[in-house]
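Everything on this sheet refers to the single structure shown next.
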Amino acid sequence: MVTVLHTTLPAEPLSARQARRFVTSALSEIGLPELTDTALILVSELVTNAVLHARSEVTLTVARTDDGLRMEVGDHSSLGPSMRHYSAEAATGRGLVLVESLADAWGSDIGPSGKTVWFELAAVA
């Protein structure tokens, strides 16, 4: 069974906070509250990246899958995500590093209307 919830967020700094609220509610609704802490970190990073770099409306999809959770953050930029390596003192640049280290799987898809960056978290047994 797959349960899918969507929202659209404006290209503004407060969208990361709105995304966290949506995800908290969505994970409770679909029965995966135990994934909330990790999901909030990852969605904050991806929504912030979309707002800063794509400067477009952001779509957020939360899906309960047979194995756990899949979340997708879409924007209207056709530029794929790139992992940069910053110094330990840098205030930015850790978003995709966090996604890679905390998600069970992640990737991106680029299409004619922009890109989607997604991640998956396995349900806790």
Find all pairs meeting these conditions: Cβ atoms under 6 angstrom apart; at least six residues apart or on different chains; first residue within the range 19-32 and in contact (Cβ under 8 Å) with a residue 60 or more places away in the chain; second residue among the aliphatic types (A, V, I, L, M) and surrounded by 20 or more Cβ atoms within 10 Å (Cβ to Cβ).
-> L32/L69
Answer yes if at least one residue in the range 60-76 is modelled with pLDDT under 95, in contact with a helix residue (DSSP H, G or I) (Cβ under 7 Å, 6 or more places away or on another chain) and in a strand (DSSP E or B), and no otherwise.
-> yes
Does the range 82-125 hold any residues that are surrounded by 11 or more Cβ atoms within 10 Å (Cβ to Cβ), over 15 Å from S44 (Cα atoms), of a type outside the set (A, V, I, L, M) and at pLDDT below 90, and which are they?
-> R84, Y86
Expected single match for under 24 Å from G68 (Cα atoms), in contact with a Lys or Arg (Cβ under 8 Å, 6 or more places away or on another chain) and surrounded by 18 or more Cβ atoms within 10 Å (Cβ to Cβ) among L27, L40, L32 is L32
Just for the range 51-69: of the residues that are buried (at least 20 other Cβ atoms within 10 Å of the Cβ) and without any contact (Cβ under 8 Å) to a residue 60 or more places away in the chain, which one is farthest from L121 (Cα to Cα)?
-> V51
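The values are calculated or read from the model by the stated rules, or taken from the named source; none is laboratory data. These numbers were taken from a predicted model, which means no experiment stands behind them. When we count neighbours, we look across all protein chains shown, and the Cβ atoms used for this are built from the backbone with ideal geometry, even at glycine.
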